[in-house]
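The values are calculated or read from the model by the stated rules, or taken from the named source; none is laboratory data. Predicted model, so just to flag it, every value in this text is computed and none were measured. When we count neighbours, we look across all protein chains shown, and the Cβ atoms used for this are built from the backbone with ideal geometry, even at glycine. Heads up: the accessible areas ignore ligands, DNA and RNA and are worked out on the full protein's heavy atoms, side chains in. Shrake-Rupley method; radii C 1.70, N 1.55, O 1.52, S 1.80 Å.
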Amino acid sequence: MGNEWSRRGVLAGAAAVGATIILAGAAEAVESGPLTIRRGDPRYDGLVRANNFRFVGNPDEVRLAGSTGQVVRAVSDAVRAGRRVAVRSGGHCFENFTADPAARTLIDLSRLDAVGFDPVRRAFFVEPGATLGQVYKTLGRGWGVTIPAGGCPEVGAGGHIAGGGYGPLSRRYGAVVDHLEAVEVVVADRAGVRAVVASREQNEDLWWAHTGGGGGNFGVVTRYWLRTPGADGTDPARLLPPQPRAMLTCLAVWTWDDQALTRVLRNFGTWMERNSAPGSPNAGLYPILDLKPRGTGSFELTVQADADLPGVDRLVTDLVTGLGVEPAYTYRYEAPWSHVTTWPGLGQPGDVATRRYKIKAAYLHRSFSPAQVATIHRHLREETTVQGGIQLIGYGGQVGAVAPEATAIAQRGAIMKAVYSSLWLEPSDDAANLAWVREFYRDVYSSTGGVPVDDGSYINYPDVDLADPVWNTSGVPWQTLYYQGNYPRLRQVKARWDPRNVFTHALGI
Ligand SMILES: Cc1cc2nc3c(=O)[nH]c(=O)nc-3n(C[C@H](O)[C@H](O)[C@H](O)COP(=O)(O)OP(=O)(O)OC[C@H]3O[C@@H](n4cnc5c(N)ncnc54)[C@H](O)[C@@H]3O)c2cc1C
């Protein structure tokens, strides 16, 4: 370590990267470092708090880096001073990966947020601080293209893409990382702190680790490049999926009733099993079944789809009818894609009214078993004041066309994601809310030690309980639950690119 090491890193980084824009960034870092905010600065409190108010960081400094070179400088300074680093882009991590009290330097990438087209790479670039809303807006307005990313416009590209990324168009176009052409990462390897570019052709292992290995593990991503594999030509409008003109959204609401809930839950699973193969005529539909406790009085399904998909109205009607219980209320509306993806709307938990929450998750490769359906029903019918529930989110389709080892997302056969949540406002309600969601989840997976041993989970929905022997009694390590057979390779990548474990967190590789 020491000065020499970090300075060598800056210079090596400039040479390794080679692109004009990035050289300019590196040069800037030598002249001026990132903006540094310390305790006592009125900006500090706002920067050490992220989306989940359960976690408030206490770093000695927040480094607001606005260029690759400034990231190199921030990492070099932290390494030299022996300060533990945390890296944040959009701040939407469910767990305490970036506000951990052990982190002494928080590198905040929110200023590094450009989105555009890079003709040299023939790919769109997205900097980590760009929110998904910014990405959709810029790609859509500029070129009429989009990416199959998440539905929440405030999520940051930085963490979202490294963890895999999926959303309303994924059943049709795959995960976001299926379109990842290259990534620029500031690493702290044996050659020093430096920016390196990784793609299928160059530093392939580091590129692969960023196709679902999860953020905060290998270095600081300073740029992603996106292009659909096999897309040819130089016309940017043909290099990523076209953005839909408009999305059709259908909302179906049922009155909470024992039989209705279990029947809809079972039939939803059957529908997902039958309609989630790659290329399925229904792969254009993105359904989310949202089940809440009985006291709320109702449960609902939303289906989103490209409004111009042939026969879309009929496809949506068949899905709702196939659930076997007449909804009490249905509503359909069409809205421009740009509107759906950039306006947060009302009622999106965690964003419009940021609060405290705990989220646990699992993939599903098939429908829930009858015993699991009975457990879900039992938990939801109990009297509770908790604002929580379970969502079953449509997955599969084109996601399943990719081999489990081709990217770091191992669960390519999954057809749904299950998200168990509770949301609250006051610290005094922490214990009750945490207990509710933890017990719910443990009981659904009671036959496999309280965790989804067969299906695993999604690293962008991290849950530290999977590493806790109190909540995971399966004997299967959390690493296997998240990464399955891809974990050994991720370890190798880690050993090569971050041998000192500069980048880590509670579920670090
Ligand atoms: C309201 C809400 C809605 C969501 N919806 C979806 C959805 O529809 N689809 C979906 O797939 N996911 C969704 N997610 C999950 C989301 O993808 C993850 O939380 C994601 O990791 C957030 O990225 P971030 O940059 O906002 O978060 P951060 O908290 O900044 O980062 C998350 C992790 O990535 C690391 N990281 C961040 N930036 C970098 C970087 N530049 N380089 C290296 N590591 C970095 C952090 O250290 C941390 O470990 C949602 C989350 C929330 C809170």
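Okay, residues lined up against (1) over 20 Å from Q70 (Cβ atoms); (2) within 10 Å of the ligand (Cβ to nearest atom):
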| position | (1), (2) |
| --- | --- |
| G90 | no, yes |
| F97 | yes, yes |
| L106 | no, yes |
| L109 | no, yes |
| A114 | no, no |
| P119 | yes, no |
| P128 | no, yes |
| V135 | yes, no |
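So, of the residues in segment 379-414 that are touching a residue at least 40 places away in the same chain (Cβ under 8 Å) and charged (D, E, K, R), which turns out to be farthest from W207 (Cα to Cα)?
Looking at residues that are touching a residue at least 40 places away in the same chain (Cβ under 8 Å) and charged (D, E, K, R), I get E383.
Which is at negative phi, touching a residue at least 40 places away in the same chain (Cβ under 8 Å), surrounded by fewer than 16 Cβ atoms within 10 Å (Cβ to Cβ) and not in a helix (DSSP H, G or I), of D290, D308, D313?
Matching residue, one of D290, D308, D313: D308.
Residue under question is P278, and the condition is that it be closer than 28 Å to L364 by Cα and open to solvent by 10 Å² or more (accessible area, probe 1.4 Å); does it hold? Don't jump to the end; show me each part of the working.
Details: closer than 28 Å to L364 by Cα: yes; open to solvent by 10 Å² or more (accessible area, probe 1.4 Å): yes.
Considered against the rule, which asks whether it is closer than 28 Å to L364 by Cα and open to solvent by 10 Å² or more (accessible area, probe 1.4 Å), P278 comes out as yes.
Would you confirm, using the coordinates I've provided, whether P452 is part of a loop (DSSP other than H, G, I, E, B), assigned by the TED database to the domain that holds L265 and in contact with a Leu (Cβ under 9 Å, 6 or more places away or on another chain)? Walk me through how you get there before you give the answer.
Values: part of a loop (DSSP other than H, G, I, E, B): yes; assigned by the TED database to the domain that holds L265: yes; in contact with a Leu (Cβ under 9 Å, 6 or more places away or on another chain): yes.
Yes, satisfied.
Being more than 16 Å from the ligand (Cβ to nearest atom) and open to solvent by less than 10 Å² (accessible area, probe 1.4 Å): is that true of G450 here?
yes
So which residues in segment 93-117 are closer than 30 Å to L139 by Cα and at pLDDT below 95, if there are any at all?
Those that are closer than 30 Å to L139 by Cα and at pLDDT below 95: none in segment 93-117.
If we only count helices (runs of 4 or more DSSP H) wholly inside segment 138-256, which ones have 1 or more residues that are more than 13 Å from the ligand (Cβ to nearest atom) and surrounded by 18 or more Cβ atoms within 10 Å (Cβ to Cβ)? Before the answer, list the steps.
Working: elements: 157-162, 170-173, 204-209.
Hits in segment 138-256: 170-173, 204-209.
Can you name the number of the only condition in (1) touching a residue at least 60 places away in the same chain (Cβ under 8 Å); (2) of a type in the set (S, T, N, Q); (3) more than 16 Å from the ligand (Cβ to nearest atom); (4) open to solvent by 30 Å² or more (accessible area, probe 1.4 Å) that T473 fails?
Condition not satisfied by T473: (1).
Given the structure, is V419 assigned to a helix (DSSP H, G or I) and open to solvent by less than 20 Å² (accessible area, probe 1.4 Å)?
Taking the combined requirement at face value, the residue does not satisfy it.
Taking A102, is it more than 8 Å from the ligand (Cβ to nearest atom), outside the structural domain of N460 (by the TED database), more than 30 Å from I393 (Cα to Cα) and free of Cβ contacts under 8 Å to residues at least 24 places away in the same chain?
In short, yes.
Looking at (1) farther than 23 Å from L364 by Cα; (2) modelled with pLDDT of 95 or more, can you tell me which one P287 breaks?
If we test P287 against (1) farther than 23 Å from L364 by Cα; (2) modelled with pLDDT of 95 or more, just (1) comes out false.
How many residues does segment 291-344 contain that are more than 30 Å from T375 (Cβ to Cβ) and among the charged types (D, E, K, R)?
The number of residues fulfilling the criteria is 6.
Looking at segment 265-275, is at least one residue under 20 Å from T321 (Cα atoms), within 23 Å of the chain's Cα centre (by Cα) and hydrophobic (A, V, I, L, M, F, W, C)?
yes
Among the residues of segment 102-137 satisfying the criterion of being small (G, A, S) and within 21 Å of P242 (Cα to Cα), which is most open to solvent (accessible area, probe 1.4 Å)?
Checked segment 102-137; the qualifying residue most open to solvent (accessible area, probe 1.4 Å) is A114.
Return the residues of segment 364-392 that are surrounded by fewer than 22 Cβ atoms within 10 Å (Cβ to Cβ) and in a strand (DSSP E or B); say none if nothing qualifies.
Answer for segment 364-392, where residues must be surrounded by fewer than 22 Cβ atoms within 10 Å (Cβ to Cβ) and in a strand (DSSP E or B): Q387, G389, Q391.
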